[in-house]
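Asker: Can you read through this structure? Questions will come right after.
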Amino acid sequence: MTTEIAVQARNVSKTFDANSGDVIALEDVDLTVEAGEFVSLIGPSGCGKSTLLRVIADLETVTTGELEIFGKPARQARVDQDYGIAFQQAGLLPWRTVAGNMGLPLELHGVKKAARAARVAELAELVGLTDFVDSYPDQLSGGMQQRVAIARALAEQPRLLLMDEPFGALDEMTREYLQSELTRIAAETGAAVVFVTHSIPEAVFLSDRVVVMSPRPGRITDILVTGFGDGRGDALRESPEYFERVTAVREALHGSPVERANER
Amino acid sequence: MTRKRAAVAWGVVGVLAVMVIWELYKFLGPAEGFVIGAIADQRGSGVMILPRAHDRAMPHIWDMVARLFQSTSGGDTPPLIVPVLTAALTTLGIAAVGWLIGVTVGALLGMVMQRWRLAEWGLLPWIVVSQTVPLIAFAPLLASIGTQIDRAGTIPWPQWLSVAVIASYLSFFPVAVGVLRGLEAPDRIHLDLMRTYAAGYWPTLVRLRLPAAVPHLLPALRLAAANAVVGAVVAEVSIGMRGGIGRMLIQLAGQASSDPAAPWGPTFGSIALGLVAAGSVALVGVGLKNYRRGEATA
């Protein structure tokens, strides 16, 4: 049996209409993500990494090119709930408890109450929030909110997890902790992950492959394999291999023109 | 808790201040008022810039309160407070019906406008213009349509229903606007999320848009309640319906020169009415307090 393909993008381009003319957000992007693989998209602001993720999620449609998620059109994959998604903001519904938020997708898709409660308990255990299921989002720290969002994304056991800078708004300590948690969760669930970030160490620590993108027009300039396998403890953060990969990604990034953030 | 206590204290201070200012003016102000530009021997000429302060124009507050407990029109008639309360309750009931009609119509309009942008463009200007039409102008018209429906016989149309419909005309407006703004309140990220769940219009409405609209809805409902009371009182007066507080106000105001404290009875009654109406809506808000939580930012 050949490895299943989670995401297959061929010559994908995306153009936005703007008042000042068309903006090319993505140009000729080719990307393959295998089932169970962890792939990071990294690049400066405006390189189209978030757009690529949104296209995969069918929150935007491709202008030209082909995009298949588990062999299906993106729209079908969205309707079939083949992926779970988490954004930079946790985006929890403030009037729902932690349990209510984790169970939201299940509720929307008609999962019965008992089954839902069981799954929510599992999810709370998975992200370590069992004691907080009855709390409201405003009673949680930013890191805990983000863990709820990850649990919610995993609620329906998707084979693909899409994450758009989910740790971007967190402090460094929480960030490193959640990174370790995420590698554990990804290994436990066996889901493929497409992870957008602008942090080089984060991309290297988490990923099997790091996809380097450059802006204007947004395109893939390099793909680096980390080759760390399953050994991703905290020791990895201090290993020479890790620093070597960080340097490699940095050089790949700087090979492309560096953008100033205010030019977005 | 201390904030709540402070709020109550400020409310009491406000009411006391009004009473003090009233009595102070009555004590210091000119009994016959102050008129500039008056022509001698011509009654009512000139511009009055300070109102009269004598007992017929400005009864003492304690006289107004005492009047509530004196018989309505002499003899064995019950104290004034009894007919005032009866009339206030009648108007409250009519205003409640008007509020319900207004909230229903307003909510439907708001939902339609949120669902279809074209409907918003087409409807919203008319909704705004509708509120500039003076109530007094079309109240008799609506009442006569009601009478004609009633006479036709198929549907009974009591006079109070006309009053309720007129009250709803004022109360639907804040609801329509509040629902429209409220349903558009959810963050982009929440709408994206619902889209990733392949949730259609109705699930998104029930699970996201309506709960997110609550902070916009509560003030709209409260405003609608106050408007319904005002609308009901004005409509009672302009179509001459008996039994409500509006009619009673006009009636007693007509006798004010001989019984100056009496019209203050129904005035207090209608103030109480407005407070009860707005307070009832506030009770709705208590049950919905979970929908008013703000999400703490990371």
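Asker: In whole Hz, with x marking every Gly and Pro, tabulate ³J(HN,Hα) for the range B:73-78 from phi via Karplus 6.51 cos²θ - 1.76 cosθ + 1.60, θ = phi - 60°.
Answerer: The phi angles translate into 9, x, x, 8, 4, x Hz.
Asker: Another question about this same structure. Roughly what would the spin-label model give for residue B:6 and residue B:115, points 7 Å off Cα along C-beta, in nm?
Answerer: Between residue B:6 and residue B:115, the label points sit 4.5 nm apart.
Asker: Still on this structure: Rounded if a/c is under 1.5, else prolate if a/b beats b/c, else oblate: with a ≥ b ≥ c from the C-alpha gyration tensor eigenvalues square-rooted, which is the range A:92-157?
Answerer: Since a/c reaches 1.5 and a/b is larger than b/c, the shape of the range A:92-157 is classed as prolate.
Asker: Quick one: if you stick a label point 7 Å off each Cα along the C-beta vector at residue B:206 and residue B:57, how many nm between them?
Answerer: 6.3
Asker: Efficiency by 1/(1 + (r/R0)^6): what FRET value for residue A:114 and residue B:181, r their Cβ-Cβ distance, R0 = 35 Å, to the nearest 0.05?
Answerer: Values: r = 38 Å, r/R0 = 1.10.
It comes out at approximately 0.35.
Asker: I've got another one for you. Identify which of A:114, A:86, A:252 has the largest mean-square fluctuation in a Gaussian network model of chain A, with springs joining Cα atoms closer than 10 Å.
Answerer: Comparing A:114, A:86, A:252 in a Gaussian network model of chain A, the most mobile one is A:114.
Asker: Assuming R0 = 41 Å, what is the FRET efficiency of residue B:132 and residue B:250, from their Cβ-Cβ distance, to the nearest 0.05? The partial results should precede the final answer.
Answerer: Working: r = 25 Å, r/R0 = 0.61.
After rounding, the FRET efficiency stands at 0.95.
Asker: Ok, one more. Rounded, prolate or oblate, given the Cα gyration tensor of the range A:35-100, with a/c below 1.5 counting as rounded?
Answerer: Working: a/c = 1.91, a/b = 1.34, b/c = 1.42.
Oblate, because a/c is 1.5 or more while a/b does not exceed b/c.
Asker: Given the range B:101-166 reduced to its alpha-carbon atoms as identical point scatterers, what log10 I(q)/I(0) does the Debye formula return at q = 0.19, 0.25, 0.26 Å⁻¹?
Answerer: -0.85, -1.01, -1.04
Asker: Tell me the relative contact order for the range B:1-54 as a rounded percent, counting alpha carbon contacts under 8 Å between residues six or more apart.
Answerer: On the way: 48 pairs, mean separation 16.6, N = 54.
Computed over the range B:1-54, the figure is 31 percent.
Asker: Would you work out if the range B:1-54 is rounded, prolate or oblate? Take a ≥ b ≥ c from the square roots of the eigenvalues of the alpha-carbon gyration tensor; rounded if a/c is under 1.5, else prolate when a/b is larger than b/c, oblate otherwise. Can you show the working numbers first?
Answerer: Details: a/c = 6.80, a/b = 3.84, b/c = 1.77.
Prolate shape, in that a/c is at least 1.5 and a/b is the bigger ratio.
Asker: Another question about this same structure. Looking only at chain A, where both bridge partners belong to it, what percent of the DSSP beta bridges are antiparallel (to the nearest 5)? Provide the component values of the computation, followed by the final result.
Answerer: Working: 23 of 41 bridges.
Bridges in chain A are about 55 percent antiparallel.
Asker: Sticking with this structure for a sec: With contacts defined as alpha carbon pairs under 8 Å and 6 or more residues apart, what's the relative contact order of chain A in percent?
Answerer: On the way: 505 pairs, mean separation 68.9, N = 264.
Once divided by the residue count of chain A, the mean separation gives 26 percent.
Asker: Please report the relative contact order for chain B, taking Cα pairs under 8 Å with a sequence separation of at least 6, and give it as a percent rounded to a whole number.
Answerer: Values: 381 pairs, mean separation 64.6, N = 298.
Relative CO of chain B lands at 22 percent.
Asker: So for B:115, B:3, fewest C-beta neighbours within 10 Å to most, what's the order? Before the final figure, lay out the partial values.
Answerer: On the way: B:115 13, B:3 7.
Final ranking by Cβ density, sparse to dense: B:3, B:115.
Asker: Treat the count of other C-beta atoms within 10 Å as a stand-in for reagent exposure and order A:14, B:289 from fewest to most.
Answerer: Details: A:14 23, B:289 11.
Listed from fewest to most nearby Cβ atoms, that is B:289, A:14.
Asker: Let me ask something else about it. Using Cβ contacts closer than 10 Å as the measure, can you line up B:202, B:62, B:160 from fewest to most?
Answerer: Working: B:202 8, B:62 11, B:160 21.
In order of increasing Cβ crowding within 10 Å: B:202, B:62, B:160.
Asker: Let me understand the protein assembly as shown better: what is its radius of gyration from the alpha carbons, and its Dmax, in angstrom?
Answerer: According to the Cα coordinates of the protein assembly as shown, Rg and Dmax are 33.8, 113 Å.
Asker: Given a cut-off of 27 Å, what percent of all Cα-Cα pairs of chain A lie beyond it?
Answerer: Values: 13243 of 34716 pairs.
Tail of the P(r) past 27 Å holds 38 percent of the pairs.
Readers should treat all values here as calculations from the given coordinates under stated rules, not as data from a laboratory. Only a predicted model underlies this, so the values are computations on that prediction, with no experimental measurement involved. Cβ: placed from backbone, ideal geometry, glycine included. Neighbour counts: every protein chain shown.
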